[in-house]
């Protein structure tokens with residue numbers, strides 16, 4: 001790895017990674033507080049158990065001090081007026097055994113319980129973020145590299161989960177120890193409390209002087225991790241293309257540059273953390289030396305007893321070790337809070353318009369909920385698709401991709417969409433699915449529209465079945481890729497047989513046969529026909545086909561066209577054409593050009609004009625594209 005490697009140029013399309021600065025916002029603490037909501041009482045009881053456990057353990061040092069003073073005889077001994085006067089060594093030993101036993105048992109209960117509660121709360125935070133990310137606008141997924149989003153749910157969530165597990169119990173125990181040490185040292189006399197306050201002040205000063213630098217370093221590491229993972233995921237997904245074009249060196253060079261940037265940030269963080277740990281260790285050694293010497297001097301002066309010195313030095317050693325570990329755990333807690341901060345960023349981002357969150361939700365945000373937020377309306381199946389003066393742009397600083405598009409498709413009829421590359425066909429499809437909010441105009445599907453709050457985006461999309469250009473299958477079983485209704489096997493089998501996929505059922509496993517990632521164990525034609533079967537089984541009133549025949553062989557294309565004509569008869573269909581032959585069953589044709597409607601009308605009329613235009617472009621030598 002070379003530190004001279006250059007980072008790839010920043011993209012103007014992708015959003016920059018969020019850089020957090022300064023203190024943690026109050027909403028981060030609020031999210032964590034609400035994540036513990038169902039278990040707050042259990043958490044409080046667990047904390048009380050922890051207090052008793054640590055009090056028994058820390059207080060044993062005071063019992064030892066009383067034991068020493070009680071055993072002392074002679075003029076040099078200092079009486080402390082202890083309530084343990086008359087106790088024998090056996091009595092003190094029994095008391096210590098009871099205290100230590102209680103401490104160990106309760107501490108075990110406390111550690112297990114607090115770890116389980118913290119893990120559950122971290123799970124709540126994770127689930128709440130997932131619910132909202134699944135409803136983010138499509139713009140987020142278009143402009144956010146997949147690796148950047150993955151880091152929020154991998155390394156960032158891992159830091160939260162790791163801290164809320166076992167380390168959280170250790171951190172809370174150290175907090176109890178620090179407070180209890182102060183109380184018990186105050187009970188030993190005049191020397192204890194000033195010593196404790198001095199030690200605490202030194203450690204607090206060291207922590208405060210390093211806190212912001214270490215916090216900033218950890219935020220930088222989190223920000224640098226995303227690009228490296230995103231590039232690795234991009235390379236893995238396109239490995240075949242990278243090998244075919246022999247671009248391994250370029251991708252390796254970019255990964256090395258991104259990875260070195262990440263390692264550089266990690267090294268800077270580790271240096272700052274090591275510096276902090278060294279300062280704490282030196283402070284511990286200095287405190288033990290100084291207070292040991294001071295205790296001997298006070299003992300010789302007759303101001304303190306030997307038992308008091310034993311208690312103070314024991315508590316100083318315990319307090320010093322405790323505070324050192326405490327502040328080191330505070331830094332780990334800050335790392336977890338950095339992860340929680342990044343998750344909270346996703347938790348509170350806007351979701352897509354006309355989308356609601358299911359209830360109940362444990363973490364309350366300003367997003368609309370599903371109960372009574374939007375009025376409900378039933379679709380009117382006698383109405384098809386109505387597009388009224390729709391304009392759309394993907395970014396506010398970019399030109400419109402749709403300009404005043406209007407047409408009406410009656411229910412039960414079919415519409416073919418033609419146009420050259422960049423004419424706005426795919427943008428129109430995305431507008432129909434409400435994946436992007438229209439800038440002007442409205443779209444009504446079966447009389448419903450998200451624009452007037454007559455339905456949610458999920459309800460609107462339930463009216464549409466989609467057969468994509470690139471058939472998409474998911475890892476799982478064939479049944480799971482066809483329908484979520486696993487109790488309708490006869491319907492699934494009948495649909496596959498009618499489409500011509502009966503041979504698939506003869507394979508081992510039948511409907512339970514595995515589907516590999518992206519359907520790699522099926523041919524392109526089979527994947528497309530499975531997507532068609534999925535659309536048929538959805539039984540939606542509106543069907544959208546986005547160049548569904550562009551990547552299949554002629555035999556599969558025939559099956560696809562027959563199935564669309566027969567199995568989807570009576571449905572309202574929108575077909576983005578790859579070949580003009582696909583449009584022979586269409587009632588209407590929409591000709592798109594530069595984001596506008598060039599022509600809309602009956603099939604024969606529009607296709608004749610479209611072919612004349614295409615032939616004219618070819619004769620003049622214009623570099624255009626026309627479906628054939």
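All of the numbers you see were taken from the coordinates with simple rules; none came from a lab. Computed from a predicted structure; not experimentally measured. Every residue, glycine among them, receives a Cβ derived from its backbone with ideal geometry; neighbour counts consider all protein chains shown.
Do me a favour and compute the ellipsoid semi-axes for the range 361-442 from its Cα gyration tensor, root of five times each eigenvalue, largest one first, whole Å.
Three semi-axes, in Å: 28, 21, 10.
Taking only the Cα atoms of the range 558-601, how large is their convex hull per residue, in Å³?
Value for the range 558-601: 82 Å³ per residue.
Where the centroid of each part is defined by its Cα atoms, how far is the range 316-364 from the range 252-278 in Å?
Using only Cα atoms to place each centre, the spacing works out to 23 Å.
May I ask you to order 91-100, 50-59, 150-159 by the average number of other C-beta atoms within 10 Å around their residues, highest value first?
50-59, 150-159, 91-100
Checking the a/c ratio against 1.5 first, then a/b against b/c, what shape does the Cα gyration tensor give for the range 453-581?
Judged from the Cα gyration tensor, the range 453-581 comes out oblate (a/c at least 1.5, b/c at or above a/b).
Kirkwood Rh over alpha-carbon pairs of the range 410-489, then Stokes-Einstein at 37 °C and 0.692 mPa s: what D in µm² s⁻¹, rounded to an integer?
Estimated diffusion coefficient is 215 µm²/s.
How many nm separate the modelled label positions at residue 243 and residue 131, each set 7 Å beyond the Cα in the direction of the Cβ?
Roughly 4.4 nm, to one decimal.
Note down the Stokes-Einstein diffusion coefficient of the range 513-553 in µm²/s, whole number, using a Kirkwood radius over alpha carbon pairs, 37 °C, and 0.692 mPa s. List each step's numbers first, then the result.
On the way: Rh = 11.4 Å.
Reported coefficient: 289 µm²/s.
At 0.36 nm per residue, and after removing the present C-alpha to C-alpha distance, how many nm does the segment from residue 437 to residue 104 gain when stretched out fully? Each step should come with its number before you reach the end.
Details: separation 333, 0.36 × 333 = 119.88 nm, distance 6.01 nm.
Result for the pair: 113.9 nm of gain on full extension.
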